[in-house]
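Please read the structure below before turning to the comments.
What follows draws every value from the coordinates through simple rules; no lab data is involved. A quick note: this is a predicted structure, and the numbers were derived from the prediction, not measured. Backbone-built Cβ (ideal geometry, glycine too); neighbour counts: all protein chains shown.
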Amino acid sequence: MRLFVPPTRSSPGAARVARTRPTNECAQCGEAIFMPEWSEWLNPACARHLWQCEACGYSFETTVRFAAA
């Protein structure tokens, strides 16, 4: 019989799971932020996201630019 042991931060399984779920880290406290609070398309090739940390309240923006197809 094999028991399931959930991956820990130091196990290879945890690293694989972390790579499948994109996150941003809070610049103030390091907590993972999974979804932006707000997003807007600036044009067909550019989007802006507002992020806010639930742990400490720190907010920041990111801009994503997509390559032309």
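With a Förster radius of 25 Å applied to the C-beta separation of residue 56 and residue 34, the computed FRET efficiency comes to 0.95. Annotation: amide H-H contacts under 5 Å for residue 31 (H modelled 1.01 Å from N, sequence separation of 5 or more, or interchain): 26. The alpha carbon convex hull volume per residue for the stretch 24-65 rounds to 58 Å³.
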